[in-house]
Amino acid sequence: MAPGPTIALVPARDFRTAKRRLASVLSEEARDGLGRWMLGRVLDALEGAAGIGRVAVLSDAPEVLALAGGRGAEGIRCPARDLNADLEAGRAWALRRGAGAVLVVPADLPFLRAGDVERILAAGRETGCAVLAPSPDGGTNGLLLRPAGVLPFAFGPGSFARHWASAGGRGLRAVRIESPGFGLDVDHPADLAALAPLAQGGAPLPADLAGAART
């Protein structure tokens, strides 16, 4: 029997209240624009990647779910009190739809491209049950599980080491990949400067964000 599809799960918080650590340099309206723009870029990458069957955005925010639906993704309402609990709900939804694998991708990866997504999918097919893309601060910016239920979610500070150890403790093959699009998430004011090359490369930034990205 052929394996089921890979379903992508994208947890996303309310656009206006997310990214509070950017409040010193961005207004609430600018953070709203940033959140919409980054989620749009993540959805672009997932929609353009060969091998993704469906995309589900997990959020408690109506505007996030509306954006997802407008882009053809599934919007799944989750309470947003615990990321891992929300992801478990997303995984259950995916398994009910026959998922052979799940790919967790945060909503704040502005450099993500379809090629990055295809690279992590290929690593899962070729080498591993669990494929992890680390964030610079020790988190997990991409997690592919094949089969979909093979490992519990352990997101939060230091999650890369927890996911890695959890795979090893279960005797599962885990693979680490380094891919440019998974390498930058936007959490701190210093991260905004890294967005400037996107504008120079023809990907216009939201108006309220352009000045901050140049500083």
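When the residues of the range 38-50 are filtered to those that are out of contact with any Lys or Arg (no Cβ under 8 Å at 6 or more places or on another chain) and buried (at least 18 other Cβ atoms within 10 Å of the Cβ), which remaining residue is nearest to Arg125 (Cα to Cα)?
Ala49
Please determine, by comparing only the residues of the range 172-201 that are of a type in the set (Val, Ile, Thr) and modelled with pLDDT of 90 or more, which one is farthest from Arg113 (Cα to Cα).
The selected residue is Val175.
In the range 109-140, what count of residues is obtained for those that are closer than 15 Å to Gly156 by Cα and either at pLDDT below 95 or surrounded by fewer than 21 Cβ atoms within 10 Å (Cβ to Cβ) (or both)?
Within the range 109-140, residues that are closer than 15 Å to Gly156 by Cα and either at pLDDT below 95 or surrounded by fewer than 21 Cβ atoms within 10 Å (Cβ to Cβ) (or both) number 6.
What about Glu28, is it surrounded by fewer than 21 Cβ atoms within 10 Å (Cβ to Cβ) and either closer than 20 Å to Val150 by Cβ or among the aromatic types (Phe, Trp, Tyr) (or both)?
So Glu28 fails the test.
Does the range 104-119 hold any residues that are assigned to a helix (DSSP H, G or I) and over 14 Å from Leu9 (Cα atoms), and which are they?
Result: Ala114, Gly115, Asp116, Glu118, Arg119.
How many residues are within 16 Å of Ala133 (Cβ to Cβ), among the small types (Gly, Ala, Ser) and touching a strand residue (DSSP E or B) at 6+ places or on another chain (Cβ under 8 Å) if we restrict to the range 167-189?
Qualifying residue count, the range 167-189: 4.
Can you find, within the range 141-196, the residue that is nearest to Ala123 (Cα to Cα) among those that are crowded, with 19+ Cβ neighbours inside 10 Å and among the polar types (S, T, N, Q)?
Ser179
(1) surrounded by fewer than 22 Cβ atoms within 10 Å (Cβ to Cβ); (2) within 14 Å of the chain's Cα centre (by Cα); (3) modelled with pLDDT of 95 or more; (4) of a type in the set (Gly, Ala, Ser): which one isn't true of Gly90, the others all being true?
Condition (1) is where Gly90 drops out.
The values are calculated or read from the model by the stated rules, or taken from the named source; none is laboratory data. Every value quoted in this text rests on a predicted model; they were computed, and no experiment measured them. Every residue, glycine among them, receives a Cβ derived from its backbone with ideal geometry; neighbour counts consider all protein chains shown.
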